[in-house]
Amino acid sequence: EERRAGERVPFRAGTHRGAEPNPRGGLRQAPPPENLKDDYCNMEKKSYDGKTDHMQKLISPTLFLLLVVLLVNLLLYQYFSNVYFSYGQTNAEHNLCPHGYFKLGTLKNCTPWLSCEAIKREVRKLKRVGEGAVKRVFLSEWKENKVALSQLTMPELQEDFIHGLHMLKSLQSKYVVKLLGYCEEEFVVLTEYHPFGSLKNLNEILNLPKYKYLNTWYNRFLLAIDYVSVIHYLHNSPLGTFVMCDSSDLDKVLSQYLLTSNFHVVVNDLDALPLVNKYAGELIKCGHRELQGEFVAPEQLWPYGEETSFEDSLMPPYDEMTDIWKIPDVSNFLLGDVDGSDLVRFHLFDIHLACKKSPAERPSAQKVLDTYRKVLALLVRETVMPSTRDML
């Protein structure tokens, strides 16, 4: 039947290519030939496998690198956070020899403290290297080892000399210079020799080209921790609570401590070390003369003003908190003027402020030491973690 021009021809089922009649009406797509379906699946699989291989090649090295970076930083953090537990373990051989014995240099066996006869026979003086009010110190040699031989300067100070010797004998530990021998009747003491000398020489040593790489806030802070560790040991020694009385100014304090060759701190001069016994009501006074200056603790100053002349019998006694007062000043010297030292001081501000309070309000040496260690761990964490984020 003819249709008018332009009239649409009705759509008939089955006339569309690739379609077939649907019993429910309309059309349904005819399935592609079997070989076309297989080709299509293979193409999809190859594309997926290709993408997977590419992602695996890309991800594996990246993940490995990230894991290495995280592991290295974790190990660094663990090491530096706990370094203060191992730091300060100077002269560890103290623990390897029984009391009354020592080990020095390359010697494999523990040697008894040298007697008067052994010192006279085996020790050779080389040169004088120092002199204080009580002792004159000579660099000496014993069995090819450098040692320090100390002699009394004047008979009037015999009591101080003997007291210092007894303290050296009784307080031998990693915090105290190693005793090698003594001759009490001749007023001679033999100790380990430390070529860097006292802590007064710290800045000079660290400015040497050989040691400039050690002149960092971290190493200086560890020395401050060593110093506070010595104070803590003296305040909690097996014999009781001792006070460092040779401490009327900063130079005097620094002269009492030695800087070891592996950059640790040990106390060397124990001549003025009185014992405090609070339970028995026994306090101390550092000498019988008037002390002056801002460095000494307020309780060590004459409390009755200039109109009253100083009289030792009227001077009130005090306790070990005088040592706590001086910690901030000594630590400030040890921290020096290097990059990062001001940040350390900022974190120590509160504990140092507490050290300058009245004696009853000052923290114990244990509290100061704990705070120092926590600040060290915090600063190490703040140093390591940002570098980790940068690497990521």
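Some notes on this structure:
- Relative to the current alpha-carbon distance between residue 236 and residue 377, full extension at 0.36 nm per residue lengthens the span by 48.3 nm.
- Between residue 173 and residue 146, the contour length at 0.36 nm per residue exceeds the Cα-Cα span by 7.7 nm.
- Annotation: residue 347 carries an accessible surface of approximately 50 Å², with a 1.4 Å probe and no ligand, DNA or RNA atoms counted.
- Divided by 2.2 N^0.38 Å, where N counts the residues, the Cα radius of gyration of region 276-337 comes to 1.32.
- At 0.692 mPa s and 37 °C, Stokes diffusion of region 254-392 via Kirkwood alpha-carbon radius, µm² per second: 183
- Phi to ³J(HN,Hα) by Karplus 6.51 cos²θ - 1.76 cosθ + 1.60 over region 104-116, Hz, x for Gly, Pro: 9, x, 8, 5, 8, 9, 6, 10, x, 3, 5, 8, 4
- At R0 = 25 Å, FRET efficiency that the Cβ-Cβ distance of residue 262 and residue 184 yields, to 0.05: 0.20
- Length added when fully stretched, residue 339-residue 275, from 0.36 nm per residue minus Cα-Cα: 19.1 nm
- Our analysis of region 331-372 gives Rg over Rh at 1.01, with the two radii drawn from alpha carbon positions and Rh computed by the Kirkwood formula.
- Assigned charges on the beta-carbon of Lys, Arg, Asp, Glu; region 103-166 dipole about Cα centre (debye): 420
- Sequence of 166, 194, 232 from largest to smallest accessible area, 1.4 Å probe: 166, 232, 194
- Other-chain or far-sequence residues with amide H under 5 Å of residue 126's (modelled H): 139, 140, 141
- Accessible area (Å², 1.4 Å probe, nearest 10) - residue 326: 10
- Over 23 Å (Cα to Cα) - which of 326/367; 103/374; 146/174; 135/357; 143/210; 127/174 fall in this group: 103/374; 135/357; 143/210; 127/174
- All-pairs alpha carbon distance profile, region 147-262, 5 Å steps from 0, percent: 2, 10, 17, 21, 21, 15, 8, 4, 1, 0
- Residue 110 accessible area, 1.4 Å probe, all protein chains in place, Å² to nearest 10: 50
- Alpha-carbon spread of region 200-263, three principal axes, descending order, Å: 42, 21, 18
- Hypothetical label at residue 120: residues of region 176-204 whose amide nitrogen lies under 15 Å (7 Å Cα-Cβ projection): 182-189
- Region 198-339 - charge dipole about Cα centre, Lys and Arg +1 at Cβ, Asp and Glu -1, debye rounded to 20: 700
- Region 102-210: C-alpha gyration tensor shape, a/c 1.5 cut-off, then a/b vs b/c: oblate
- Restricting region 271-362 to GluC sites (Glu not before Pro) in coil, as DSSP defines it, with at most 16 other Cβ within 10 Å: 290, 294, 306, 307, 311
- Projecting the Cα atoms of 133, 153, 166 onto the charge dipole of region 129-171 (Cβ charges, centred on the Cα centre) puts 166 farthest toward the positive pole.
- In terms of accessible area, using a 1.4 Å probe and ignoring ligands and nucleic acids, 345, 362 rank largest first as 345, 362.
- For the set 214, 283, the ranking by accessible area, highest first and with no ligand, DNA or RNA atoms included, is 283, 214 under a 1.4 Å probe.
The values are calculated or read from the model by the stated rules, or taken from the named source; none is laboratory data. Being a predicted model, the structure only gives us computed values, none of them experimental. FYI the Cβ positions are ideal-geometry reconstructions off the backbone, even for glycines, and counts take in every protein chain you see. These accessible areas exclude ligands, DNA and RNA; they are computed on the full protein's heavy atoms, side chains included. Shrake-Rupley method; radii C 1.70, N 1.55, O 1.52, S 1.80 Å.
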